[in-house]
Amino acid sequence: MRAINQLIKINDHKIEVLLKGSKGPLVIVLTGMGCSFEEWYEVIQTLSKTYRVLTFHRQGLGQSEIGTGIQNTASTVRDLSDILNHLQIDEPLYLMGHSYGGLCVQHFAKVHPEKVAGVILVDSISVELKELVKLDLPVLNQDTDELWIEKSLAYSIKNEQELSEIIQPSLIEKQRKLPMAIQQKLLDFQVNPLLYKAMASEIKEWTKDAEVIRSLGSFPDVPLLVIGRDKEYTIQSELENGIPEWELRVFEEKWEELITKQSELSIKGEYILASHSGHSVFIDRPDLIIDSVHKMVGRVDRVGLIQN
(Lines give C-alpha, C1' and ligand atoms only; values in the text may rest on other atoms or scores of the structure.)
Protein backbone atom coordinates (compact mmCIF):
# COMPACT_ATOMS: atom_id res chain seq x y z
CA MET A 1 0.00 0.00 0.00
CA ARG A 2 1.52 3.31 -1.09
CA ALA A 3 1.89 5.95 1.63
CA ILE A 4 3.53 9.35 1.40
CA ASN A 5 3.88 11.64 4.43
CA GLN A 6 5.88 14.69 3.47
CA LEU A 7 6.30 18.43 3.82
CA ILE A 8 5.36 20.31 0.65
CA LYS A 9 6.51 23.89 0.10
CA ILE A 10 3.49 26.08 -0.66
CA ASN A 11 4.37 29.72 -1.34
CA ASP A 12 6.06 30.91 1.90
CA HIS A 13 5.32 27.89 4.10
CA LYS A 14 5.55 24.10 4.23
CA ILE A 15 2.48 21.90 4.64
CA GLU A 16 2.46 18.36 6.09
CA VAL A 17 0.66 16.13 3.60
CA LEU A 18 -0.40 12.49 3.91
CA LEU A 19 -1.29 10.52 0.77
CA LYS A 20 -2.18 6.89 1.34
CA GLY A 21 -3.37 4.21 -1.06
CA SER A 22 -2.37 3.33 -4.61
CA LYS A 23 -5.64 2.83 -6.48
CA GLY A 24 -9.19 4.05 -6.83
CA PRO A 25 -10.80 7.51 -6.71
CA LEU A 26 -9.23 10.28 -4.63
CA VAL A 27 -10.86 11.03 -1.26
CA ILE A 28 -9.75 14.20 0.51
CA VAL A 29 -10.21 14.53 4.28
CA LEU A 30 -10.24 17.95 5.97
CA THR A 31 -10.10 17.73 9.75
CA GLY A 32 -11.81 19.84 12.38
CA MET A 33 -10.32 22.77 14.26
CA GLY A 34 -7.38 21.78 16.45
CA CYS A 35 -7.56 18.19 15.18
CA SER A 36 -4.79 16.03 13.76
CA PHE A 37 -5.31 13.82 10.75
CA GLU A 38 -3.79 11.06 12.90
CA GLU A 39 -7.14 10.98 14.75
CA TRP A 40 -8.56 9.60 11.50
CA TYR A 41 -6.05 6.73 11.52
CA GLU A 42 -8.62 3.92 11.54
CA VAL A 43 -10.76 5.50 8.82
CA ILE A 44 -7.80 6.33 6.56
CA GLN A 45 -6.24 2.89 7.00
CA THR A 46 -9.46 1.21 5.89
CA LEU A 47 -10.33 3.60 3.06
CA SER A 48 -6.80 3.46 1.61
CA LYS A 49 -7.32 -0.21 0.76
CA THR A 50 -9.88 0.84 -1.84
CA TYR A 51 -9.16 4.52 -2.52
CA ARG A 52 -6.36 7.01 -2.51
CA VAL A 53 -6.76 9.21 0.56
CA LEU A 54 -5.25 12.68 0.78
CA THR A 55 -5.22 14.77 3.93
CA PHE A 56 -3.04 17.51 5.36
CA HIS A 57 -2.43 19.57 8.45
CA ARG A 58 -3.56 23.15 7.98
CA GLN A 59 -1.07 25.91 8.65
CA GLY A 60 0.31 25.69 12.20
CA LEU A 61 -0.96 22.15 12.82
CA GLY A 62 1.36 19.17 13.16
CA GLN A 63 4.55 19.81 11.20
CA SER A 64 2.94 22.46 8.98
CA GLU A 65 4.37 25.95 9.14
CA ILE A 66 2.41 29.18 9.37
CA GLY A 67 2.83 31.53 6.45
CA THR A 68 2.16 35.25 6.30
CA GLY A 69 -1.44 36.36 6.44
CA ILE A 70 -4.41 35.01 8.36
CA GLN A 71 -5.52 31.42 8.76
CA ASN A 72 -9.10 31.01 7.58
CA THR A 73 -11.19 28.92 5.21
CA ALA A 74 -9.89 30.85 2.20
CA SER A 75 -6.27 30.08 3.10
CA THR A 76 -7.19 26.41 3.42
CA VAL A 77 -8.84 26.45 -0.01
CA ARG A 78 -5.71 28.02 -1.50
CA ASP A 79 -3.40 25.54 0.21
CA LEU A 80 -5.46 22.56 -0.95
CA SER A 81 -5.46 23.88 -4.52
CA ASP A 82 -1.68 24.36 -4.38
CA ILE A 83 -1.17 20.86 -2.93
CA LEU A 84 -3.21 19.35 -5.76
CA ASN A 85 -1.17 21.30 -8.30
CA HIS A 86 2.10 20.26 -6.66
CA LEU A 87 1.08 16.60 -6.76
CA GLN A 88 -0.18 17.04 -10.34
CA ILE A 89 -3.65 15.85 -9.40
CA ASP A 90 -6.30 16.83 -11.91
CA GLU A 91 -9.35 14.64 -11.48
CA PRO A 92 -12.77 14.78 -9.81
CA LEU A 93 -12.42 14.81 -6.02
CA TYR A 94 -14.48 13.36 -3.20
CA LEU A 95 -14.30 15.94 -0.42
CA MET A 96 -14.99 15.01 3.20
CA GLY A 97 -14.82 17.59 5.96
CA HIS A 98 -15.48 17.38 9.69
CA SER A 99 -16.64 20.35 11.78
CA TYR A 100 -14.48 23.36 10.76
CA GLY A 101 -13.05 21.20 7.98
CA GLY A 102 -16.61 20.92 6.68
CA LEU A 103 -16.81 24.71 6.47
CA CYS A 104 -13.58 24.65 4.43
CA VAL A 105 -15.04 21.96 2.16
CA GLN A 106 -18.12 24.10 1.52
CA HIS A 107 -15.84 27.00 0.59
CA PHE A 108 -13.74 24.85 -1.76
CA ALA A 109 -16.80 23.33 -3.45
CA LYS A 110 -18.18 26.78 -4.28
CA VAL A 111 -14.85 28.14 -5.56
CA HIS A 112 -13.89 25.02 -7.54
CA PRO A 113 -17.16 23.22 -8.41
CA GLU A 114 -15.60 21.71 -11.54
CA LYS A 115 -13.16 19.74 -9.38
CA VAL A 116 -15.77 18.15 -7.10
CA ALA A 117 -17.29 14.70 -7.72
CA GLY A 118 -19.05 14.49 -4.35
CA VAL A 119 -19.10 15.94 -0.84
CA ILE A 120 -19.47 14.41 2.62
CA LEU A 121 -20.04 16.84 5.51
CA VAL A 122 -19.40 15.24 8.90
CA ASP A 123 -21.19 17.17 11.66
CA SER A 124 -19.98 20.26 9.84
CA ILE A 125 -20.13 23.84 10.99
CA SER A 126 -22.93 25.60 9.17
CA VAL A 127 -22.60 28.83 7.22
CA GLU A 128 -25.48 29.93 9.46
CA LEU A 129 -23.42 29.47 12.64
CA LYS A 130 -24.55 32.90 13.84
CA GLU A 131 -27.85 31.24 14.74
CA LEU A 132 -26.04 29.37 17.52
CA VAL A 133 -24.65 32.59 18.99
CA LYS A 134 -28.14 34.07 19.20
CA LEU A 135 -29.32 31.36 21.60
CA ASP A 136 -29.89 32.57 25.19
CA LEU A 137 -27.86 29.97 27.08
CA PRO A 138 -26.30 31.46 30.26
CA VAL A 139 -23.85 28.62 30.98
CA LEU A 140 -22.86 27.61 27.46
CA ASN A 141 -22.51 31.24 26.36
CA GLN A 142 -19.82 31.83 28.97
CA ASP A 143 -17.49 29.93 26.63
CA THR A 144 -17.21 32.75 24.07
CA ASP A 145 -15.08 33.03 20.95
CA GLU A 146 -13.25 35.91 22.59
CA LEU A 147 -12.24 33.73 25.54
CA TRP A 148 -11.07 30.95 23.21
CA ILE A 149 -9.01 33.44 21.20
CA GLU A 150 -7.45 34.90 24.37
CA LYS A 151 -6.63 31.44 25.70
CA SER A 152 -5.22 30.27 22.37
CA LEU A 153 -3.00 33.34 22.03
CA ALA A 154 -1.71 32.83 25.57
CA TYR A 155 -0.81 29.23 24.72
CA SER A 156 0.82 30.28 21.45
CA ILE A 157 3.66 32.08 23.24
CA LYS A 158 4.49 29.13 25.50
CA ASN A 159 7.12 26.54 24.65
CA GLU A 160 6.36 22.83 24.36
CA GLN A 161 7.47 22.06 27.91
CA GLU A 162 5.29 24.81 29.37
CA LEU A 163 2.31 23.67 27.31
CA SER A 164 2.85 20.10 28.44
CA GLU A 165 2.68 21.19 32.08
CA ILE A 166 -0.43 23.31 31.50
CA ILE A 167 -2.40 21.03 29.18
CA GLN A 168 -1.13 17.66 30.41
CA PRO A 169 -1.78 16.06 27.00
CA SER A 170 -3.77 12.85 27.07
CA LEU A 171 -5.57 10.40 24.83
CA ILE A 172 -9.08 9.03 25.02
CA GLU A 173 -9.58 5.30 25.47
CA LYS A 174 -10.05 4.54 21.77
CA GLN A 175 -6.89 6.45 20.86
CA ARG A 176 -4.87 4.41 23.36
CA LYS A 177 -5.55 1.39 21.14
CA LEU A 178 -3.77 2.97 18.17
CA PRO A 179 -0.14 2.12 17.27
CA MET A 180 2.33 3.67 19.71
CA ALA A 181 3.88 5.87 17.02
CA ILE A 182 0.45 7.38 16.26
CA GLN A 183 -0.28 7.86 19.96
CA GLN A 184 2.96 9.82 20.36
CA LYS A 185 2.16 12.01 17.36
CA LEU A 186 -1.23 12.82 18.88
CA LEU A 187 0.40 13.78 22.19
CA ASP A 188 3.05 15.92 20.48
CA PHE A 189 0.35 17.58 18.38
CA GLN A 190 -1.29 19.02 21.50
CA VAL A 191 1.82 20.85 22.75
CA ASN A 192 2.72 22.68 19.55
CA PRO A 193 2.50 26.46 20.16
CA LEU A 194 1.72 27.12 16.49
CA LEU A 195 -1.45 25.04 16.82
CA TYR A 196 -2.89 27.64 19.16
CA LYS A 197 -1.76 30.57 17.03
CA ALA A 198 -3.59 29.01 14.09
CA MET A 199 -6.69 28.27 16.18
CA ALA A 200 -6.88 31.88 17.39
CA SER A 201 -6.93 33.07 13.78
CA GLU A 202 -9.46 30.46 12.62
CA ILE A 203 -11.83 31.26 15.50
CA LYS A 204 -11.48 35.00 14.91
CA GLU A 205 -12.32 34.60 11.24
CA TRP A 206 -14.91 31.83 11.09
CA THR A 207 -18.01 34.02 11.39
CA LYS A 208 -16.74 36.23 8.56
CA ASP A 209 -15.78 33.10 6.61
CA ALA A 210 -19.35 31.82 6.89
CA GLU A 211 -20.69 35.06 5.43
CA VAL A 212 -18.15 34.95 2.59
CA ILE A 213 -19.14 31.36 1.75
CA ARG A 214 -22.83 32.30 1.80
CA SER A 215 -22.10 35.15 -0.64
CA LEU A 216 -20.37 32.88 -3.16
CA GLY A 217 -23.65 31.68 -4.62
CA SER A 218 -25.09 28.24 -5.04
CA PHE A 219 -23.49 25.03 -3.88
CA PRO A 220 -22.76 22.71 -6.83
CA ASP A 221 -25.41 20.08 -7.54
CA VAL A 222 -23.13 17.17 -6.77
CA PRO A 223 -23.93 14.11 -4.63
CA LEU A 224 -23.90 15.27 -1.00
CA LEU A 225 -24.05 13.26 2.21
CA VAL A 226 -24.57 15.18 5.45
CA ILE A 227 -23.76 13.21 8.60
CA GLY A 228 -25.09 14.59 11.88
CA ARG A 229 -24.35 13.54 15.43
CA ASP A 230 -26.86 11.84 17.71
CA LYS A 231 -28.63 14.59 19.67
CA GLU A 232 -29.67 12.46 22.64
CA TYR A 233 -26.31 10.69 22.85
CA THR A 234 -24.54 14.07 22.88
CA ILE A 235 -26.82 15.54 25.54
CA GLN A 236 -26.24 12.59 27.87
CA SER A 237 -22.48 12.78 27.32
CA GLU A 238 -22.33 16.53 28.02
CA LEU A 239 -24.44 16.31 31.20
CA GLU A 240 -21.30 14.96 32.87
CA ASN A 241 -19.75 18.43 32.45
CA GLY A 242 -22.38 20.06 34.63
CA ILE A 243 -24.21 21.91 31.85
CA PRO A 244 -27.98 22.26 32.45
CA GLU A 245 -29.93 19.77 30.36
CA TRP A 246 -32.34 22.40 29.07
CA GLU A 247 -29.42 24.41 27.64
CA LEU A 248 -27.93 21.34 25.99
CA ARG A 249 -31.29 20.45 24.50
CA VAL A 250 -31.86 23.93 23.06
CA PHE A 251 -28.34 23.99 21.58
CA GLU A 252 -28.52 20.47 20.18
CA GLU A 253 -31.92 21.06 18.62
CA LYS A 254 -30.59 24.13 16.81
CA TRP A 255 -27.39 22.28 15.82
CA GLU A 256 -29.48 19.40 14.42
CA GLU A 257 -31.66 21.87 12.50
CA LEU A 258 -28.60 23.50 10.91
CA ILE A 259 -27.02 20.14 10.08
CA THR A 260 -30.13 18.70 8.43
CA LYS A 261 -30.59 21.94 6.48
CA GLN A 262 -27.15 21.39 4.91
CA SER A 263 -28.57 18.42 3.02
CA GLU A 264 -30.60 20.96 1.04
CA LEU A 265 -27.42 22.56 -0.35
CA SER A 266 -27.62 20.16 -3.30
CA ILE A 267 -30.62 18.59 -5.03
CA LYS A 268 -28.64 15.37 -4.61
CA GLY A 269 -28.26 15.84 -0.85
CA GLU A 270 -29.06 13.26 1.84
CA TYR A 271 -29.00 13.44 5.64
CA ILE A 272 -27.58 10.55 7.69
CA LEU A 273 -27.94 10.29 11.48
CA ALA A 274 -24.82 9.02 13.23
CA SER A 275 -26.58 7.12 16.00
CA HIS A 276 -24.61 6.61 19.22
CA SER A 277 -22.10 9.29 18.22
CA GLY A 278 -21.06 12.67 19.47
CA HIS A 279 -19.28 15.36 17.44
CA SER A 280 -16.25 13.16 16.67
CA VAL A 281 -18.13 10.78 14.39
CA PHE A 282 -14.88 9.48 12.90
CA ILE A 283 -13.95 8.14 16.36
CA ASP A 284 -17.38 7.09 17.63
CA ARG A 285 -18.65 5.67 14.32
CA PRO A 286 -15.75 5.05 11.92
CA ASP A 287 -17.88 2.36 10.29
CA LEU A 288 -20.46 4.96 9.26
CA ILE A 289 -17.80 7.24 7.78
CA ILE A 290 -16.34 4.36 5.76
CA ASP A 291 -19.76 3.15 4.59
CA SER A 292 -20.67 6.71 3.56
CA VAL A 293 -17.60 6.99 1.32
CA HIS A 294 -18.46 3.66 -0.33
CA LYS A 295 -22.05 4.86 -0.78
CA MET A 296 -20.95 8.17 -2.27
CA VAL A 297 -18.47 6.69 -4.75
CA GLY A 298 -20.90 3.93 -5.70
CA ARG A 299 -23.62 6.49 -6.37
CA VAL A 300 -21.38 8.56 -8.65
CA ASP A 301 -20.18 5.42 -10.47
CA ARG A 302 -23.78 4.34 -11.16
CA VAL A 303 -24.66 7.76 -12.55
CA GLY A 304 -21.60 7.58 -14.80
CA LEU A 305 -22.64 4.19 -16.14
CA ILE A 306 -26.17 5.43 -16.86
CA GLN A 307 -24.89 8.51 -18.67
CA ASN A 308 -22.52 6.43 -20.78
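The values are calculated or read from the model by the stated rules, or taken from the named source; none is laboratory data. The shown structure was predicted, so the numbers you read here are calculated from the model rather than taken from an experiment. Don't worry about glycine lacking a Cβ; one is built from the backbone with ideal geometry, like all the others, and counts go over all protein chains shown. Heavy atoms of the whole protein, side chains included, go into the accessibility calculation; ligands, DNA and RNA do not. Shrake-Rupley method; radii C 1.70, N 1.55, O 1.52, S 1.80 Å.
Some points to look at:
- When each full DSSP H helix of the chain is screened for a Cα extent of at least 18 Å along its own axis and an average Kyte-Doolittle hydropathy of at least -0.5, the helices passing are 73-86, 193-215, 286-307.
- Bridge type composition, the chain - antiparallel percent by DSSP, nearest 5: 30 percent
- Summarising the overall dimensions of segment 149-211 from its C-alpha atoms, the Rg and Dmax are 13.9, 41 angstrom.
- Using a probe of 1.4 angstrom and keeping all protein chains present, the accessible surface of the chain works out to 47 square angstrom per residue.
- Shape category assigned to the chain from the gyration tensor of Cα positions, a/c cut at 1.5: rounded
- Scattering curve values for segment 112-231, log₁₀ I(q)/I(0), Debye with Cα scatterers, q = 0.14, 0.20 Å⁻¹: -0.93, -1.21
- For segment 1-117: rounded, prolate or oblate by the Cα gyration tensor [a/c cutoff 1.5]: rounded
- Taking Cα centre as origin and charging only the Cβ of basic (Lys, Arg, +1) and acidic (Asp, Glu, -1) residues, the dipole magnitude of the chain rounds to 1200 debye.
- Only helices enter the 222 nm calculation for the chain: every DSSP H run of n ≥ 4 contributes -39,500 (n - 2.57), and dividing by all residues gives -14500 deg cm²/dmol, rounded to 500.
- Prolate/oblate/rounded call for segment 251-295, Cα gyration tensor, a/c under 1.5 rounded: oblate
- When peptides 28-36, 112-120, 65-73 are ranked by their average number of other Cβ atoms within 10 Å per residue, the highest-first order is 28-36, 112-120, 65-73.
- Of the solvent-accessible surface of the chain, computed with a 1.4 Å probe and all protein chains present, 51% belongs to carbon and sulfur.
- Counting only protein chain heavy atoms and rolling a 1.4 Å probe, the accessible areas of 255, 148, 206, 40 rank, largest first, as 148, 206, 255, 40.
- Subtracting the Cα-Cα distance of residue 133 and residue 11 from their residue separation scaled by 0.36 nm leaves 40.4 nm.
- For segment 58-165, Kirkwood radius (reciprocal of mean inverse C-alpha pair distance, Å): 16.4 Å
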